[in-house]
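In what follows, a single structure is set out as C-alpha cells and then discussed.
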C-alpha cells in the first residue's frame, strides 16, 4: 500500500495496485504514488514499455 493511498481516487485505486503488482508502475520516493503529480515523458515511456512487455508475455502464454 502506498503511503498516500488516501489521495488515490477510489475509482482508480484497484487499477493502481493491479499495475503495481504486475511491475508496470512503482511509485515515487517515500513509498508514495502522488496521483496529482505531473509525469515526465521518460516516466510515461517506461510505463508504456513495461505494459507492452507484460502484454507480450501474456500473448506468448
- [ ] Would you mind estimating how fast region 1-60 diffuses translationally, via Stokes-Einstein at 20 °C and 1.002 mPa s with the Kirkwood radius over Cα pairs, in µm²/s?
- [x] 174
Task: Computed over the chain: relative contact order in percent, which uses C-alpha pairs under 8 Å that are six or more apart - done: 37
Open item on the list: Using a 10 Å cut-off around each Cβ, can you sort 5, 18, 59 from fewest to most neighbouring Cβ atoms?
Closed with: 59, 18, 5
Task: Residue of 41, 32, 13 that the Gaussian network model of the chain assigns the largest fluctuation, springs spanning Cα pairs under 10 Å - done: 41
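Readers should treat all values here as calculations from the given coordinates under stated rules, not as data from a laboratory. As the structure is a prediction and not an experimental result, all values here were calculated from the model. Using ideal geometry, Cβ is built from the backbone for each residue, glycine included, and neighbour counts are taken over all protein chains shown.
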